[in-house]
1. Collect the residues in the stretch 95-108 that are surrounded by 13 or more Cβ atoms within 10 Å (Cβ to Cβ) and either within 18 Å of F55 (Cβ to Cβ) or at pLDDT 95 or above (or both), keeping them in residue-number order.
2. Consider S166 carefully, then state whether it is closer than 24 Å to Q35 by Cβ, among the small types (G, A, S) and at pLDDT 90 or above.
3. Could you please find all residues in the stretch 183-210 being surrounded by 13 or more Cβ atoms within 10 Å (Cβ to Cβ), among the aliphatic types (A, V, I, L, M) and over 16 Å from I171 (Cβ atoms)?
4. Quick test for you: out of V89, V67, pick the one residue that is assigned to a helix (DSSP H, G or I) and surrounded by 15 or more Cβ atoms within 10 Å (Cβ to Cβ).
5. So if I check each of A175, A180, A135, A153, which one is without any contact (Cβ under 8 Å) to a residue 12 or more places away in the chain and either exposed (fewer than 12 other Cβ atoms within 10 Å of the Cβ) or in a strand (DSSP E or B) (or both)?
6. Tell me yes or no: at least one residue of the stretch 110-125 is among the aromatic types (F, W, Y), in a loop (DSSP other than H, G, I, E, B) and touching a strand residue (DSSP E or B) at 6+ places or on another chain (Cβ under 9 Å).
7. Can you name the condition, by its number, that T145 falls short on among (1) surrounded by fewer than 16 Cβ atoms within 10 Å (Cβ to Cβ); (2) in a strand (DSSP E or B)?
8. Looking at the stretch 241-261, which of its residues are exposed (fewer than 15 other Cβ atoms within 10 Å of the Cβ) and either in contact (Cβ under 8 Å) with a residue 40 or more places away in the chain or among the aliphatic types (A, V, I, L, M) (or both)?
Amino acid sequence: MFLASSTKPIDANLSSLAAQIEEQNPGLSVLAARQFRFAIRQTPLEVAISEPREFNVLEEFILRAGVEFDPAPTLQELADLLGLDEIFVKTTATTLVNLESLEVAENGKITIAPLGKNFFNQGAVSRSQIQSIYAISDPLNQTLTFKFDALAAESVNLPDLADLVSLEHKITDLANLSLAEIQPLIQASGLGIHVPENGKIVSQYDVVGDDLDIWQIVSVFVLLDAIENKTTIQARQGKQILETASNLLNELESQQKLSLNDLCKVTEEDVILEEPEIIATPKTRKSASKKKPKETV
């Protein structure tokens, strides 16, 4: 039998989960469990999102004129040809100029831009909108994700894991990322604002505010494996096991850059006290499964 949980350094609010871990994993003993806080970094961004839309009739006519007319006409000539007031043609031409599809000289003569030729061939024009999002950098789980809504900053009265472990952000300065580097990260976050196969593209991004540290809670368990007869560290948020964080803590402990005593008040004596019972358990099960040999006559 393992030592009773009441004799171990297990935070009161983690005792139920510790018992559940042992119940679901008969070969494991929870030697200790402790909660810490750690800071993730939140950065506000604005991104420009371009996505295709079909041409309206006047846009298509102007682009067609830029492609097919030789010499290229002026806006006034197009207005006269269509029987429209020039102001309508100018307004539409300005939209196409803003979309980098058309160029208009001072005398009103139009020239289709390379991007405009692509749009014309595709039968659609790209429209752009600005969206506010937040970059969330997690140094413990080594992730950079993006959200539409800001996380709430709350006070958390727990020991800071950074006092024991050096936590470094995967991306030290978000502004140094190129657009090509940030696009797949935004796509992987599932916001639906960068979906190249649907023609929806994040075409620009800007950092528009200061970084803000947001406290998070992580639970750290020290486990003793009866089969392997070794201790491991497991990090969790709620019931979710954090694989990257767990690997980091175990690596630091193996390199003697982190001690179980500092982390969760576990000493070598605590491990030794638990070991005899752990080792005995598998042996007892094995011997119980042996059949009594038949007597020979």
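The values are calculated or read from the model by the stated rules, or taken from the named source; none is laboratory data. If you're wondering where the values come from, they're calculated on a predicted model, not measured in any experiment. Heads up, the Cβs are rebuilt from the backbone with ideal geometry, glycines too, and the neighbour counts pull from every protein chain shown.
1. Initially, the stretch 95-108 is screened for residues surrounded by 13 or more Cβ atoms within 10 Å (Cβ to Cβ), giving 95-97, 99-104, 108.
The answer is T95, L96, V97, L99, E100, S101, L102, E103, V104.
2. Yes: the conditions hold for S166.
3. Of everything in the stretch 183-210, those that are surrounded by 13 or more Cβ atoms within 10 Å (Cβ to Cβ), among the aliphatic types (A, V, I, L, M) and over 16 Å from I171 (Cβ atoms) turn out to be L191, I193, V195, I201, V202.
4. Within the list V89, V67, the selection yields V89.
5. A180
6. As a first pass, look at the stretch 110-125 and keep what is among the aromatic types (F, W, Y): 119-120.
Next, from what is left, pick out any that are in a loop (DSSP other than H, G, I, E, B): none.
No, that holds for no residue.
7. For T145, the exception is condition (1).
8. So in the stretch 241-261, the residues exposed (fewer than 15 other Cβ atoms within 10 Å of the Cβ) come out as 241, 243-244, 247, 251, 254-257, 259, 261.
I241, T244, listed by residue number.
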